[in-house]
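Okay, structure first, notes after.
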Amino acid sequence: MKRSISFLIAATLFVPVMASGARAQPVHAISMHGEPALPADYQHLSYVNPQVKKGGSVRYGVVGTFDSLNPFNLKSIRTTARGVWDPAFGNLIYETLMTRSADEPFTLYGLLAESVEWNDERTFIQFNINPKAKWSDGQPVTPEDVIFSFEVLRDKGRVPFSRRLAPVEKMEKVGERSVRFTFNDTVDREFPLIIAASTPILPKHAIDPETFDQSTLKVPLGSGPYLIKSVSPGQRIVYERDEKYWGKDIPAKVGFDNYDRISVEYFLEDNTLFEAFKKGEIDIYPDGSPTHWARAYNFPAIRTGDAVKEAFTPQLPTGMLGFVFNTRRSIFADVNVRAGLSLAFDFEWANRNLFENAYTRTESFWQGSPLTSLGKPADQRELEILGDTKNRIEPDVLDGTYRIEKTNASGADRRVLRKAVDLLNKGGYTIKNGRMTNASGRQLSFEVMTQTVDQEKLAIAYQRALRMIGVDMAIRTVDDSQYQARSGSFDYDMIVKSYPSSLSPGIEQMGRWGSTSRDTPGSFNFAGTADPDIDRLIGTMTAVRSKEDFEATVRAYDRLLISGHYMVPLYHIADQWVARRKQIRYPETLPLYGYQLNTWWDERAQ
């Protein structure tokens, strides 16, 4: 008799734990699904220039401020200097046991760990540390450092680092240079990859555990390719290449870390940052505004060729940008209310009048990829995964015909607004004397918190539409420090947030939508969801083994999030836009995940 997928998932979750002495064949790389693309004797990752001449410099610019060089505690979660631990600029100071390839959905290659051992059931993983791995003071990276890192992050770190040992039954040193993690029955199949590529390894001899939870400007010691040269709190941090960096010749680092000097300059607002780029004070300017991209680049450096505009097209799902309902607020508890308020936003008007029709409406969290549910009816595999949860999925979302209602772009499409009012009626609200009120006569009112001019423009357009149906929406634009503080403590009714999506979603979804993150300060669960069905599908996503089951689970999960109306979906663009100074160059091969700044270089290098 054919076993159901739910049975298989349960079997995966509760496999017996293999004895810690069990052996497996050491391998150079591991993947979430399938096999790594590169062989054990690979020379470099596919998207770098291995012949690049290292040297020169780059000047990055960011909006905000910083008051700490420790990115791993709660106090410094959003005020740590960029570059110390940084997905965009590179992890310049601290490193992980393995590093992720940007040209594969979820494959890791050895970094601090020369090789890795695990079994098919993934009940354990063993990291064999590269004997060449050293801290910047010359001391070797040891198994004791790895164990210390996980323990101090558990005791003093912020989420998600503080929870990394929860699925670990035993962490032990094996031999002279290996560390083995044996897992308990709460582990999922993604977790071994998370600890390999998303957990920093810290020097035991250079960190005081007692003060690790405090913000600090003490220059950290790491194993990474750069040293901190100077710090101007809140204004600038400068890195210089460590000429003794241990890993410069290992295959996973060939073609990376190409500058002798990296500076990160801080600005109070984006307009000032862009002016600095125009003057040549900043070398790279990522641009996410279509109107700005179309109109703002008629300045001398562009005309002379000293600055260049580039468009890159990655092969990624769109992710989701939108107004997020804080369901911790009772006014947003009813899905019909959220759906009605969502429908009232006139995207077509905003796109035409604010953005020159440059955007496409986002309708799925994984739009533009095989993981999306758009246009795909739920097949038998998905229905089996959903189980009774399918009764919560809206019929058009389930059968693949779902599309967000389009307006006539007038800003006052009565047909669509009438449907929004009908949904609000289902949620207990009616229009009386021009005000949308509940049974107690209280008007439906809330505040949206914005951070930028573009967000404020969108909020004003939304406010105008809601006013037509008697909903009172206030707008509060706050500075960066207030925005970070209030978003970290969930002190808002509605907020504008972006949820990037990858081709290998997994446990990070628990931090965004899972019950365990709902009340955790600093988590990314901005919507305040705590739903057993969401939790179950996230668990399934990280437990299934085949590509087919994985894709079906993500599509089912996509349908559940769409039907929950936790956000007012906004828009996306297919390309990544970047302006650069002409001396900053990049490799010819564009990886799956788009451009990678830590593979770029200064052609003036001698």
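Given the criterion outside any loop (DSSP other than H, G, I, E, B), modelled with pLDDT of 95 or more and over 22 Å from LYS547 (Cβ atoms), identify the matching residue among ASP137, ASP145.
ASP145
For THR372, are the conditions met, namely being in contact with a Phe, Trp or Tyr (Cβ under 6 Å, 6 or more places away or on another chain), part of a loop (DSSP other than H, G, I, E, B) and among the hydroxyl-bearing types (Ser, Thr, Tyr)?
It is true that THR372 is in contact with a Phe, Trp or Tyr (Cβ under 6 Å, 6 or more places away or on another chain), part of a loop (DSSP other than H, G, I, E, B) and among the hydroxyl-bearing types (Ser, Thr, Tyr).
For GLY368, which of the numbered conditions (1) of a type in the set (Gly, Ala, Ser); (2) over 23 Å from ARG338 (Cα atoms); (3) at pLDDT 95 or above fails to hold?
It is condition (3) that GLY368 fails.
Within the stretch 457-485, how many residues are of a type in the set (D, E, K, R), at pLDDT 95 or above and in contact with a strand residue (DSSP E or B) (Cβ under 9 Å, 6 or more places away or on another chain)?
3
Please enumerate the residues belonging to the stretch 477-487 that are loosely packed, with under 15 Cβ neighbours inside 10 Å and not in a helix (DSSP H, G or I).
ASP479, the sole residue that qualifies.
Is it true that some residue in the stretch 114-133 is small (Gly, Ala, Ser) and either in contact (Cβ under 8 Å) with a residue 60 or more places away in the chain or in contact with a strand residue (DSSP E or B) (Cβ under 8 Å, 6 or more places away or on another chain) (or both)?
Yes: the stretch 114-133 contains one or more residues that are small (Gly, Ala, Ser) and either in contact (Cβ under 8 Å) with a residue 60 or more places away in the chain or in contact with a strand residue (DSSP E or B) (Cβ under 8 Å, 6 or more places away or on another chain) (or both).
Got at least one residue in the stretch 303-319 being touching a residue at least 12 places away in the same chain (Cβ under 8 Å) and closer than 30 Å to GLY222 by Cα?
Taking every residue of the stretch 303-319 in turn, none turns out to be touching a residue at least 12 places away in the same chain (Cβ under 8 Å) and closer than 30 Å to GLY222 by Cα.
For PHE312, work out the one condition from (1) under 29 Å from ILE404 (Cβ atoms); (2) out of contact with any Gly (no Cβ under 7 Å at 6 or more places or on another chain); (3) not assigned by TED's automatic domain parsing to the domain that holds ALA409 it doesn't fulfil.
Result: PHE312 fails condition (2) only.
Identify the residue in the stretch 78-110 that is polar (S, T, N, Q) and part of a loop (DSSP other than H, G, I, E, B) and, among all such residues, is farthest from SER46 (Cα to Cα).
Looking at the filtered set, the residue picked out is THR79.
Per-residue answers, yes or no, for (1) buried (at least 16 other Cβ atoms within 10 Å of the Cβ); (2) modelled with pLDDT of 95 or more; (3) among the charged types (D, E, K, R); (4) in contact with a Pro (Cβ under 9 Å, 6 or more places away or on another chain):
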{"position": "THR182", "(1), (2), (3), (4)": "yes, yes, no, no"}
{"position": "THR186", "(1), (2), (3), (4)": "no, no, no, yes"}
{"position": "HIS205", "(1), (2), (3), (4)": "no, yes, no, no"}
{"position": "GLY222", "(1), (2), (3), (4)": "yes, yes, no, yes"}
{"position": "SER230", "(1), (2), (3), (4)": "no, yes, no, no"}
{"position": "ASP242", "(1), (2), (3), (4)": "yes, yes, yes, yes"}
{"position": "PRO251", "(1), (2), (3), (4)": "yes, yes, no, no"}
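Would you mind stating whether TYR60 is closer than 28 Å to THR599 by Cβ, of a type in the set (Phe, Trp, Tyr) and in the same structural domain as ASP185 (by TED's automatic domain parsing)?
no
Take the conditions out of contact with any Phe, Trp or Tyr (no Cβ under 9 Å at 6 or more places or on another chain) and among the β-branched types (Val, Ile, Thr) and apply them to ILE404. Does it pass?
The answer is no for ILE404.
Would you mind stating whether TRP349 is assigned by TED's automatic domain parsing to the domain that holds ALA527, modelled with pLDDT of 95 or more, of a type in the set (Phe, Trp, Tyr) and in a loop (DSSP other than H, G, I, E, B)?
no
Just for the stretch 408-420: of the residues that are touching a residue at least 12 places away in the same chain (Cβ under 8 Å) and more than 15 Å from ARG464 (Cα to Cα), which one is surrounded by the most Cβ atoms within 10 Å (Cβ to Cβ)?
Among those residues, the one meeting the criterion is LYS419.
In the stretch 326-374, how many residues are among the polar types (S, T, N, Q), in contact (Cβ under 8 Å) with a residue 12 or more places away in the chain and at positive phi?
0
State whether the residues of the stretch 21-28 include one that is modelled with pLDDT of 95 or more, within 13 Å of LEU108 (Cα to Cα) and surrounded by 14 or more Cβ atoms within 10 Å (Cβ to Cβ).
yes
Take VAL63 and tell me if it is at pLDDT below 95, more than 26 Å from TRP366 (Cα to Cα) and touching a helix residue (DSSP H, G or I) at 6+ places or on another chain (Cβ under 9 Å).
When the stated conditions are applied, VAL63 passes them.
If we scan the stretch 188-202, do we find a residue that is over 24 Å from the mean Cα position of the chain (by Cα), touching a residue at least 60 places away in the same chain (Cβ under 8 Å) and in a loop (DSSP other than H, G, I, E, B)?
Within the stretch 188-202, none of the residues are over 24 Å from the mean Cα position of the chain (by Cα), touching a residue at least 60 places away in the same chain (Cβ under 8 Å) and in a loop (DSSP other than H, G, I, E, B).
From TYR259, TYR266, which residue is part of a loop (DSSP other than H, G, I, E, B) and either surrounded by fewer than 18 Cβ atoms within 10 Å (Cβ to Cβ) or touching a Gly at 6+ places or on another chain (Cβ under 9 Å) (or both)?
TYR259
Scanning for something part of a loop (DSSP other than H, G, I, E, B) and either aromatic (Phe, Trp, Tyr) or more than 30 Å from LEU111 (Cα to Cα) (or both), does the stretch 309-322 turn up at least one residue?
No, the stretch 309-322 has no match at all.
Name the residue, out of TYR571, TYR566, TYR557, TYR586, that is out of contact with any Lys or Arg (no Cβ under 9 Å at 6 or more places or on another chain) and among the aromatic types (Phe, Trp, Tyr).
Step by step, each of TYR571, TYR566, TYR557, TYR586 is checked, and only TYR557 is out of contact with any Lys or Arg (no Cβ under 9 Å at 6 or more places or on another chain) and among the aromatic types (Phe, Trp, Tyr).
Let's see how each residue does on (1) in contact with a Phe, Trp or Tyr (Cβ under 7 Å, 6 or more places away or on another chain); (2) over 14 Å from ARG59 (Cβ atoms); (3) small (Gly, Ala, Ser):
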residue	(1), (2), (3)
THR216	no, yes, no
PRO220	no, yes, no
GLY224	yes, yes, yes
ASP242	yes, yes, no
TRP246	no, yes, no
LYS253	no, yes, no
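May I ask you to verify whether ALA333 is out of contact with any Leu (no Cβ under 9 Å at 6 or more places or on another chain) and not assigned by TED's automatic domain parsing to the domain that holds PHE490?
no
Within the stretch 149-160, does at least one residue satisfy the condition of being closer than 17 Å to VAL116 by Cβ, modelled with pLDDT of 95 or more and surrounded by fewer than 21 Cβ atoms within 10 Å (Cβ to Cβ)?
No, the stretch 149-160 has no match at all.
The values are calculated or read from the model by the stated rules, or taken from the named source; none is laboratory data. Just so we're clear, the structure is a prediction, and the values are computed from it rather than from any experiment. Please note: Cβ atoms are built from the backbone with ideal geometry, for glycine as well, and neighbour counts cover all protein chains shown.
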